[in-house]
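Q: This structure is in structure tokens; I'll ask about it shortly.
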Amino acid sequence: MISGINSILTIFIMVGVGFFFTKRGWFNDEIGQLFSQIVIRIGIPAMAIVNISTSLQRGTLFSSLQYVFIAMLSMLVLFVISAFIAKFLKINKEKKMIFILIFTFSNSFFIGIPVNVAIFGEDSLLYVFLFFMANNITFWTLGAYALANAKNKNKTNLKSFLSNAKRAITPGLIAILTGYLIVLIDIKLPYFLFEGLRYLGNLSIPLSMIFIGIDLALTKKKDLTIDTAAVVGLVGRFVISPIVVILIMIPFGISGLPYSVFILEAAMPAQANTAIAAKYYDVESEYASAMVGLSTIVSMIAIPIFALLL
């Protein structure tokens, strides 16, 4: 209990720094974007290489991929469930697809990493990266394909599908695969390189939490759309999603740290790339941005609850 409370307070302090200094006018959207780019392109990839190369051994390399399969399976199940719910709620075709993506995909990387480290420690990082691998690949294939077909004029073909799939090749995914390669060929990074990557990786957690604080401070009340679909989508994101992951992990006998990490990863706010992809395909981008922002705000309540439960 005390450990969970301390973890929550640690998160709120870092988020609070970003929020406070943005309200004071010291931070702005440009600084927030700079922080996010440092985290996504430098900090998290460095952290991934260091963590995977030290957490895995060649003998456990391929067995770890079962976690990727479990995460992908949970997302496919959530995709189907959310599609049925959207049909029941009679959501229009374009907004329906945003609803499905919000329901299905979590911000498992940018927010998932600092939250898991704060609550479970650095040992959780391996499972965070495995969940992210599944989340990233599934979003930019199944998710992007479905979004592209939300409008008839966006009807996609094999060429555009492959173009979408290329978006899954992010710095984070490349770093994860690099870590796997280092383990597979059984090499040890030079001390100076390992330490350099470790220090760069340490930038990720405070900068990502400060960015969230900046983002929350810049969110306008008028941009938060709260209707029936939004409420159900948030219930799906923070309640149904972790329940589905739990039910899928049970037959595989998953327990301990990976069990807790996957539940928390499933309960993260909506995938930020939903708004980016919606803008790209011109499919309810304002609604997508509002839902991502709303889910991030709600996560500030949901995360402490999960931290205490887990």
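Q: Considering only the range 228-239, I want to know if a residue exists there that is among the β-branched types (V, I, T) and touching a Leu at 6+ places or on another chain (Cβ under 9 Å).
A: yes
Q: In the range 180-190, how many residues are at pLDDT 85 or above and part of a helix (DSSP H, G or I)?
A: Residues flagged as at pLDDT 85 or above and part of a helix (DSSP H, G or I) within the range 180-190 amount to 2.
Q: Then there's this: Could you tell me which of the residues S74, S36 is within 17 Å of the chain's Cα centre (by Cα), surrounded by 15 or more Cβ atoms within 10 Å (Cβ to Cβ), of a type in the set (G, A, S) and farther than 20 Å from G256 by Cα?
A: Exactly one of S74, S36 is within 17 Å of the chain's Cα centre (by Cα), surrounded by 15 or more Cβ atoms within 10 Å (Cβ to Cβ), of a type in the set (G, A, S) and farther than 20 Å from G256 by Cα, namely S36.
Q: May I pose another question? For the range 281-296, enumerate the residues that are closer than 13 Å to Q271 by Cα and either crowded, with 20+ Cβ neighbours inside 10 Å or among the hydrophobic types (A, V, I, L, M, F, W, C) (or both).
A: Hits for the range 281-296 are A288, S289, A290, M291, V292, G293, L294, S295.
Q: Select, from A175, A168, A146, A150, the only residue that is more than 21 Å from V292 (Cα to Cα), modelled with pLDDT under 85 and of a type in the set (A, V, I, L, M, F, W, C).
A: After applying the criteria, what remains is A175.
Q: Still on this structure: Go over the candidates F109, F99, F88, F84 one by one and state the one that is buried (at least 24 other Cβ atoms within 10 Å of the Cβ) and in a helix (DSSP H, G or I).
A: Selected residue: F99, the only one of F109, F99, F88, F84 that is buried (at least 24 other Cβ atoms within 10 Å of the Cβ) and in a helix (DSSP H, G or I).
Q: Out of L130, L147, L126, L142, which single residue is within 27 Å of Q33 (Cβ to Cβ) and either part of a helix (DSSP H, G or I) or under 10 Å from the mean Cα position of the chain (by Cα) (or both)?
A: Residue meeting the stated conditions: L147.
Q: Within the range 58-86, count every residue that is modelled with pLDDT of 90 or more and farther than 22 Å from L247 by Cβ.
A: The number of residues fulfilling the criteria is 0.
Q: How many residues does the range 66-85 contain that are in contact with a helix residue (DSSP H, G or I) (Cβ under 8 Å, 6 or more places away or on another chain) and either β-branched (V, I, T) or free of Cβ contacts under 8 Å to residues at least 24 places away in the same chain (or both)?
A: 6
Q: For M249, are the conditions met, namely being buried (at least 19 other Cβ atoms within 10 Å of the Cβ) and over 14 Å from V292 (Cα atoms)?
A: yes
The values are calculated or read from the model by the stated rules, or taken from the named source; none is laboratory data. In this text the structure is predicted, and so the values were computed from the model without any measurement. A quick note on method: Cβ atoms are made from the backbone with ideal geometry, for glycine too, and the neighbour counts reach across all protein chains shown.
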